[in-house]
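A.B. asks: Pasting a structure here, questions to come.
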């Protein structure tokens, strides 16, 4: 039967070294047993040392990609990655309201895991106004949560308050990723607030490695893949956390400096363990 196999989508840019962006999403989709599709928004010339150039796709071409997929495939869940500016965010939000691509997992690429801003002020405000209210799941890192809420997250109580504030912006389920930027820490604690009101901490080991490129992309992509297969929200989030921890723990020697996580390590893990 046509379109019986679960199909999911990433709306993102491609990194030429394959460590993050759409490639990390597609690796994750494949490893979780879904057929991955892509709406390309940008192309980045980069490697493990850094980003050297980038080019944006025209908005009309993004429209045509949405049309092409909607006319033929049955996308059961989708996610966004880095969207370069306010105009692109508006375009993607409008298209997501025009077609049915299932639940949206929003990876709000606002800042790096070290707190460096990646988004201009007008794009940031557009993200809050147009995309966050569409999100089934939002996965901000620690610093993105601070930027979204204007809060300093210096305690568990503040993190919990921030998650509720982000949920009040319209996102149904919030995965607020914990800090992982200190060589003195031994664990990473993420806070999860579900639409049902249930909340819990997800704790995993901290790995002192520079091979962590694509971590946030992969977490949100695994959640997307699981939602596309019909997995319940809480289970999808827990599976994604374990998947990423496994990929970080088992390093892959690609590049010289800030390398990718090892998605293929999960091939050695039994499905029931994830």
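The values are calculated or read from the model by the stated rules, or taken from the named source; none is laboratory data. Just so you know, these numbers come straight off a predicted model, no measurement behind them. Note: ideal-geometry Cβ built from the backbone for every residue, glycine included; neighbour counts use all protein chains shown.
This table checks each residue for (1) closer than 24 Å to residue 11 by Cβ; (2) buried (at least 18 other Cβ atoms within 10 Å of the Cβ).
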{"position": "166", "(1), (2)": "yes, yes"}
{"position": "175", "(1), (2)": "yes, yes"}
{"position": "190", "(1), (2)": "yes, yes"}
{"position": "240", "(1), (2)": "yes, yes"}
{"position": "253", "(1), (2)": "no, no"}
{"position": "259", "(1), (2)": "no, yes"}
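A.B. asks: Say whether the condition of being in contact (Cβ under 8 Å) with a residue 12 or more places away in the chain, farther than 21 Å from residue 23 by Cβ, in contact with a helix residue (DSSP H, G or I) (Cβ under 6 Å, 6 or more places away or on another chain) and not in a loop (DSSP other than H, G, I, E, B) is met by at least one residue in the range 198-220.
C.D. replies: Within the range 198-220 (the criterion being in contact (Cβ under 8 Å) with a residue 12 or more places away in the chain, farther than 21 Å from residue 23 by Cβ, in contact with a helix residue (DSSP H, G or I) (Cβ under 6 Å, 6 or more places away or on another chain) and not in a loop (DSSP other than H, G, I, E, B)), the answer is yes, since at least one residue qualifies.
A.B. asks: How about the range 130-145: which of its residues are in a helix (DSSP H, G or I), over 16 Å from residue 167 (Cβ atoms) and modelled with pLDDT under 95?
C.D. replies: Start the filter on the range 130-145 by keeping residues that are in a helix (DSSP H, G or I), which leaves 130-134, 142-145.
Subset that is over 16 Å from residue 167 (Cβ atoms): 130, 142-143.
Of everything in the range 130-145, those that are in a helix (DSSP H, G or I), over 16 Å from residue 167 (Cβ atoms) and modelled with pLDDT under 95 turn out to be 142, 143.
A.B. asks: For the range 129-149, what are the residues that are without any contact (Cβ under 8 Å) to a residue 40 or more places away in the chain and under 18 Å from residue 11 (Cα atoms)?
C.D. replies: Within the range 129-149, 132, 133, 135, 138, 140 meet the criteria.
A.B. asks: Hey, any hits in the range 116-124 for a residue that's at pLDDT 95 or above and either at positive phi or not in a loop (DSSP other than H, G, I, E, B) (or both)?
C.D. replies: Of the residues in the range 116-124, the ones at pLDDT 95 or above are none.
Within the range 116-124, none of the residues are at pLDDT 95 or above and either at positive phi or not in a loop (DSSP other than H, G, I, E, B) (or both).
A.B. asks: A further question on this structure: I need the strands (runs of 3 or more DSSP E) fully contained in the range 1-112, keeping only those with at least 3 residues that are farther than 23 Å from residue 136 by Cβ and at pLDDT below 95. Reasoning before the result, please.
C.D. replies: Numbers: elements: 7-15, 35-47, 50-56, 75-80, 104-106.
Hits in the range 1-112: 35-47, 50-56.
A.B. asks: When you look at residue 171, is it in a loop (DSSP other than H, G, I, E, B), closer than 23 Å to residue 78 by Cα and in contact (Cβ under 8 Å) with a residue 40 or more places away in the chain, yes or no?
C.D. replies: So residue 171 fits the description; yes.
A.B. asks: Okay, next question. Are any residues in the range 122-157 surrounded by fewer than 16 Cβ atoms within 10 Å (Cβ to Cβ) and over 20 Å from the mean Cα position of the chain (by Cα), and if so, which ones?
C.D. replies: Of everything in the range 122-157, those that are surrounded by fewer than 16 Cβ atoms within 10 Å (Cβ to Cβ) and over 20 Å from the mean Cα position of the chain (by Cα) turn out to be 122, 150, 151, 152, 154, 155, 156, 157.
A.B. asks: Could I ask something else about it? Can you say whether residue 246 is under 18 Å from residue 6 (Cβ atoms) and at pLDDT 85 or above, as far as the supplied structure shows?
C.D. replies: No: the conditions fail for residue 246.
A.B. asks: Moving to a separate point now. Is it the case that the range 220-233 has a residue that's surrounded by fewer than 19 Cβ atoms within 10 Å (Cβ to Cβ) and farther than 20 Å from residue 6 by Cα?
C.D. replies: For the range 220-233, residues surrounded by fewer than 19 Cβ atoms within 10 Å (Cβ to Cβ) and farther than 20 Å from residue 6 by Cα: absent.
A.B. asks: For the list (1) farther than 23 Å from residue 212 by Cβ; (2) within 17 Å of the chain's Cα centre (by Cα), I need the number of the one condition that residue 26 fails.
C.D. replies: (1)
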